[in-house]
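Worksheet for the structure shown next.
The values are calculated or read from the model by the stated rules, or taken from the named source; none is laboratory data. What you are looking at is a predicted structure, and each value in this text was computed from that prediction instead of being measured. Here the Cβ is made from the backbone with ideal geometry for all residues, glycine too, and neighbour counts use every protein chain on show. Side chains are part of the model used for accessible areas, which takes the heavy atoms of the whole protein and leaves out ligands, DNA and RNA. Shrake-Rupley method; radii C 1.70, N 1.55, O 1.52, S 1.80 Å.
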Amino acid sequence: MTSRILRPVRAGHAARSRSAAPLGVRLPLAAAAVVAAGLCAACGPSSETTGSASPTTAGPSTQVLAAATPSAAASTEASPSASASPSASATAQASSSPTPARTQSGSAAPKPARTSAAPAPARVPGPGYDSSADAQKQIDAALAAAKADGRMVLLDFGANWCGNCKAADKVFAQPQTAAILGASYHLVKIDIGGNSSANSALLRKYSPSGGTYTMPVLIVVNSSGKVRTDTHATGNPSLTAEGINAFLRKWAS
């Protein structure tokens, strides 16, 4: 690369040197050449003459080389190809950018955990017993709901004229007891104080031991209809908030 840069500079400089020499300078040089030729003819070849003429020709060339070399170096230093261009540097930085790190940081975002919402509380019937209700249909609906949400079914056999049944109804209406019932049970109230043979048959179905029943008869069954506890066989809990709540919590699961 250096030789290609220096050749045009040397030739151009020599051309400028020859063309720029004034006429007054060229004439004495021609006269001196004639005199030197005469001396050579008289005295023979002289190494000094050749040597003295040589510096005249070589001097400017040497200066041209010396001047051309820094310019070439300057050209090399100033050349955009010799130094890293901003676009190449930006490209290198872009190619070396931590793309996996961005992917990792993007994928490191935590995903929200899926939580199943708690089922709505089951409906708790009000006080008293509906003698006109279809008890079998109500029990079937409660068992289907229990299969869907995993709750137990509480069968409450009683009568509207029964004092103990009214006491139990008051406890069922209290906020804490109602919350336990709504969270863990489907309550079905069945009237056995009238002349409904169908309801009496349901009582004997879920409490087959027979005999004299002390109301209310509280029977807990699972979603398959299997009896878990029967107060006709075990005896009623205390008909207070503490007694009934303890009973409900015990058989809730």
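Does GLY235 count as of a type outside the set (S, T, N, Q), under 53 Å from the mean Cα position of the chain (by Cα) and surrounded by fewer than 17 Cβ atoms within 10 Å (Cβ to Cβ)? Before you say what the answer is, go through the steps one by one.
On the way: of a type outside the set (S, T, N, Q): yes; under 53 Å from the mean Cα position of the chain (by Cα): no; surrounded by fewer than 17 Cβ atoms within 10 Å (Cβ to Cβ): yes.
No.
The set of residues from the stretch 161-178 being open to solvent by less than 60 Å² (accessible area, probe 1.4 Å) and either touching a Leu at 6+ places or on another chain (Cβ under 6 Å) or hydrophobic (A, V, I, L, M, F, W, C) (or both) comprises CYS162, CYS165, ALA167, ALA168, VAL171, PHE172, ALA178.
Given the condition part of a helix (DSSP H, G or I) and of a type in the set (D, E, K, R), answer yes or no: does some residue in the stretch 130-141 qualify? Checked the stretch 130-141: at least one residue is part of a helix (DSSP H, G or I) and of a type in the set (D, E, K, R).
Residue-by-condition table, conditions (1) within 14 Å of SER184 (Cα to Cα); (2) in contact (Cβ under 8 Å) with a residue 12 or more places away in the chain:
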| site | (1), (2) |
| --- | --- |
| ASP134 | no, no |
| ASP140 | no, no |
| VAL153 | yes, yes |
| GLY158 | no, yes |
| GLY163 | no, no |
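Looking only at residues in the stretch 211-231 that are among the polar types (S, T, N, Q) and part of a loop (DSSP other than H, G, I, E, B), which one is surrounded by the fewest Cβ atoms within 10 Å (Cβ to Cβ)? Ranking the candidates gives THR212 first.
Considering PRO121, PRO125, PRO208, the condition of being part of a loop (DSSP other than H, G, I, E, B), surrounded by fewer than 20 Cβ atoms within 10 Å (Cβ to Cβ) and touching a Lys or Arg at 6+ places or on another chain (Cβ under 6 Å) is satisfied by PRO125 alone.
Under the condition of being open to solvent by 30 Å² or more (accessible area, probe 1.4 Å) and either part of a loop (DSSP other than H, G, I, E, B) or charged (D, E, K, R) (or both), the residues counted in the stretch 238-253 number 8.
Please specify each residue of the stretch 192-205 satisfying the condition of being exposed (fewer than 15 other Cβ atoms within 10 Å of the Cβ) and outside any helix (DSSP H, G or I).
Going residue by residue through the stretch 192-205, those that are exposed (fewer than 15 other Cβ atoms within 10 Å of the Cβ) are 194-195, 197-198, 201, 204-205.
Listed by number, the residues that qualify are GLY194, ASN195.
Considering the conditions (1) touching a Phe, Trp or Tyr at 6+ places or on another chain (Cβ under 8 Å); (2) open to solvent by 30 Å² or more (accessible area, probe 1.4 Å), LYS189 is excluded by exactly one of them, (2).
Based on what the data block shows, is VAL153 touching a helix residue (DSSP H, G or I) at 6+ places or on another chain (Cβ under 6 Å) and assigned to a loop (DSSP other than H, G, I, E, B)? When the stated conditions are applied, VAL153 does not pass them.
Among the residues of the stretch 146-160, which ones are buried (at least 16 other Cβ atoms within 10 Å of the Cβ) and hydrophobic (A, V, I, L, M, F, W, C)? If you could, list the steps in order and put the result at the bottom.
Taking the stretch 146-160 as the starting set, the residues that turn out to be buried (at least 16 other Cβ atoms within 10 Å of the Cβ) are 146, 151-159.
Matches in the stretch 146-160: ALA146, MET152, VAL153, LEU154, LEU155, PHE157, ALA159.
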